[in-house]
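K.L.:
Following this message is one structure expressed as structure tokens.
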Amino acid sequence: MPMIKTPEEIKKLHEGGVILSCALRKAMDACVVGASTEAIDVIARQSMEAEGAMPSFLGYRISASNPAFPSTLCISINDEVVHGPAIPSRTIAVGDLVGLDVGCWYRGLTTDMAATVIVGSVMPEKRRLVEDTRESLVCGISAIKAGGWISDIGAAIEDHLKPKKYGIVREMVGHGVGYKVHEEPAIPNYRDPRAPRIQLEEGMVLAIEPMITLGGWRVIVKDDNWTIATRDHSFAAHWEVTIAVTKDGYDLLTPWPDREGI
Ligand code: MG
């Protein structure tokens, strides 16, 4: 599977990324006290389908023997890190940190992004966790340029977060994306001496996604066999964008859903 996308493919990915960002923004706006996670999920799905895009997580299987993922969004709340399915009986409560992760297929290619919503007033350390996780993603993508290394991304994220004593989840990492939901290379959000040394090349399309906790980095899989949560029950935050590597930096394919620019 080639890691380099053509300019024509990157143009399609950008069109799909704009549709995806719009769907995510609508889902974020729908994260209000009392909303069911299923209702939020429907809003995201309808938003992308109205633009000719299709959810890329709905029906996704980790392998042929695994069950299909049941929703458009992954909705992961509080100590949940990623991969929580949307379910009708689950509602949003005041003080929740709601991680929304979503991907879409558009013109044969897929993009991937995530954001964490703060619902109502929360303890200052929870708000800082969400803001610092977002900032660490900005640091990670700012380290990208052709000729650099995949490891530059994780180093920048780690350097931003380590002094603040957060946990950086290690079992899940960023990844290539485009022809498939998950492609090579794996992109750790920390310095990993065991990771293969891979150079960044113009045209690589990458999903960068720090998953950060107020406690330790260890995670568990919950009984639904999908949801990944912190082992120590500490709160978690997750932000993700899809970018294309350029000669001098990166091209943001999925615009930030919460504000203009970075
Ligand atoms: Mg991803």
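K.L.:
Only one of these conditions is not met by LEU13: (1) crowded, with 24+ Cβ neighbours inside 10 Å; (2) more than 18 Å from the chain's Cα centre (by Cα). Which number is it?
P.N.:
(2)
K.L.:
Filter segment 166-180 down to the residues that are crowded, with 17+ Cβ neighbours inside 10 Å and not small (Gly, Ala, Ser), then identify the one that is farthest from the ligand (Cβ to nearest atom).
P.N.:
TYR166
Condition check ((1) within 16 Å of the ligand (Cβ to nearest atom); (2) free of Cβ contacts under 8 Å to residues at least 24 places away in the same chain; (3) buried (at least 21 other Cβ atoms within 10 Å of the Cβ); (4) farther than 17 Å from MET211 by Cβ) across all residues:
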{"position": "THR111", "(1), (2), (3), (4)": "yes, no, yes, yes"}
{"position": "ALA115", "(1), (2), (3), (4)": "yes, no, yes, no"}
{"position": "LEU129", "(1), (2), (3), (4)": "no, no, yes, no"}
{"position": "CYS139", "(1), (2), (3), (4)": "no, yes, no, no"}
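K.L.:
Here is a further query. Kindly list the number of the only condition in (1) in a loop (DSSP other than H, G, I, E, B); (2) more than 21 Å from ALA23 (Cβ to Cβ); (3) modelled with pLDDT of 95 or more that fails for PRO67.
P.N.:
(3)
K.L.:
Against the definition (in contact with a Gly (Cβ under 8 Å, 6 or more places away or on another chain) and of a type in the set (Val, Ile, Thr)), how does THR72 come out, yes or no?
P.N.:
no
K.L.:
Identify, from the list GLY154, GLY99, GLY120, the residue that is more than 14 Å from the chain's Cα centre (by Cα) and outside any helix (DSSP H, G or I).
P.N.:
GLY120
K.L.:
Could you check VAL221 against (1) more than 30 Å from GLY148 (Cβ to Cβ); (2) of a type outside the set (Ser, Thr, Tyr); (3) surrounded by 14 or more Cβ atoms within 10 Å (Cβ to Cβ) and say which number it fails?
P.N.:
(3)
K.L.:
Here's a follow-up. If you check VAL81 against the conditions, is it surrounded by 16 or more Cβ atoms within 10 Å (Cβ to Cβ), within 16 Å of the ligand (Cβ to nearest atom), aliphatic (A, V, I, L, M) and more than 23 Å from MET54 (Cα to Cα)?
P.N.:
So VAL81 fits the description; yes.
K.L.:
Looking at VAL81, is it under 15 Å from TRP239 (Cβ atoms) and either of a type outside the set (Phe, Trp, Tyr) or modelled with pLDDT under 95 (or both)?
P.N.:
Yes; evaluated as a whole, the condition is true for this residue.
K.L.:
In this structure, is LEU97 under 25 Å from SER71 (Cβ atoms), more than 13 Å from the ligand (Cβ to nearest atom), buried (at least 16 other Cβ atoms within 10 Å of the Cβ) and modelled with pLDDT of 95 or more?
P.N.:
Criteria met by LEU97.
K.L.:
If we scan segment 28-40, do we find a residue that is part of a helix (DSSP H, G or I) and under 19 Å from THR111 (Cα atoms)?
P.N.:
yes
K.L.:
Also, quick follow-up: So is ILE150 over 30 Å from THR37 (Cα atoms) and either touching a residue at least 24 places away in the same chain (Cβ under 8 Å) or more than 13 Å from the ligand (Cβ to nearest atom) (or both) or not?
P.N.:
The answer is yes for ILE150.
The values are calculated or read from the model by the stated rules, or taken from the named source; none is laboratory data. Owing to the predicted nature of the structure, the values given are computational and were not obtained by experimental measurement. Using ideal geometry, Cβ is built from the backbone for each residue, glycine included, and neighbour counts are taken over all protein chains shown.
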